[in-house]
Amino acid sequence: SLDHLSLPAALRGLAQELARSEGLDIDVIADESLGDIPPNIAIGLYRVAQEALRNVRKHATTMKATVRIAPMMGGIALEVADEGRGFVTGGAAGSSGLGLTAMRERVQLLGGRFSVTSEPGKGAKVAVWMPGLAEKQ
């Protein structure tokens, strides 16, 4: 879908698809002033959002999530958050799950930064910053 849509539109489409197929209620908050996003960065961010939302569905015990995307410091910030059961970060389950590892590696290969914050009973947040946002003219 990224071949024909902007990243915010593709994320909204993903949210609609997951609402239909999984019953998730996903609020997509996208800054419409995003300039041209290099295709490799857009794909990377989309895949991270997709995996993070998959984790919400599988582990968070909540049906609500928020996806935010906005320009930040010459790059793009993506955040996927839920108010589910959360987990202890830094432990075996919190930092080395295959989904989290795959997201972290994808972001690092594209020169970005990746973090996960969570606390039992207080949900989880995946935060990504990627370089390479073209300025709007």
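Values in this text are rule-based calculations from the coordinates and carry no lab data. This is a predicted model, so every value here is computed, not measured. As a convention, Cβ positions derive from the backbone with ideal geometry for all residues, glycine included, and neighbour counts pool all protein chains shown.
Quick notes on this one:
- Mean residue ellipticity (222 nm) of the chain, computed from DSSP H runs ≥ 4 via -39,500 (n - 2.57), nearest 500: -12500 deg cm²/dmol
- Sparsely packed trypsin sites (Lys or Arg not before Pro) within segment 1-47, loop by DSSP, other Cβ within 10 Å at most 16: none
- Shown in residue order for segment 113-129 are the 3J(HN,Hα) couplings computed by the Karplus curve 6.51 cos²θ - 1.76 cosθ + 1.60 at θ = phi - 60°: 10, 9, 8, 10, 10, 6, 8, x, x, 10, x, 9, 9, 9, 10, 10, 10 Hz (x for Gly and Pro).
- Extending 7 Å from the Cα toward the beta-carbon at both Arg12 and Arg85 defines two label points whose distance is 3.4 nm.
- In the chain, lysine pairs with alpha-carbon atoms under 20 angstrom apart (chain gap of 8 or more, or interchain): 4
- Amide H to amide H, with H built 1.01 Å from N, Asp36 comes under 5 Å of Ala134, counting only residues 5 or more places away or on other chains.
- Distance between the pseudo-spin-label points of Lys58 and Ile29 (7 Å out from Cα toward the beta carbon): 2.7 nm.
- Options (1) 16.0, 56; (2) 14.5, 41; (3) 14.3, 46 - which one matches Rg and Dmax of the Cα atoms in Å as calculated here: (3)
- Under-5 Å amide H pairs with Met72, H placed in peptide plane, nonlocal only: Ala77
- Whole-Hz ³J(HN,Hα) from phi, Karplus 6.51 cos²θ - 1.76 cosθ + 1.60, for segment 57-71, glycine and proline x: 4, 7, 10, 7, 6, 9, 10, 10, 8, 10, 10, 10, 9, 7, x
- Alpha carbon centroid spacing (whole Å) that separates segment 1-27 from segment 99-133: 19 Å
- Extending 7 Å from the Cα toward the beta-carbon at both Glu105 and Met72 defines two label points whose distance is 2.5 nm.
- Taking the C-alpha atoms only, the angle from helix 98-109 to the longest principal axis of the chain is near 30 degrees.
- Degrees between helix 7-22 axis and first principal axis of the chain (Cα, 0 to 90, nearest 10): 30 degrees
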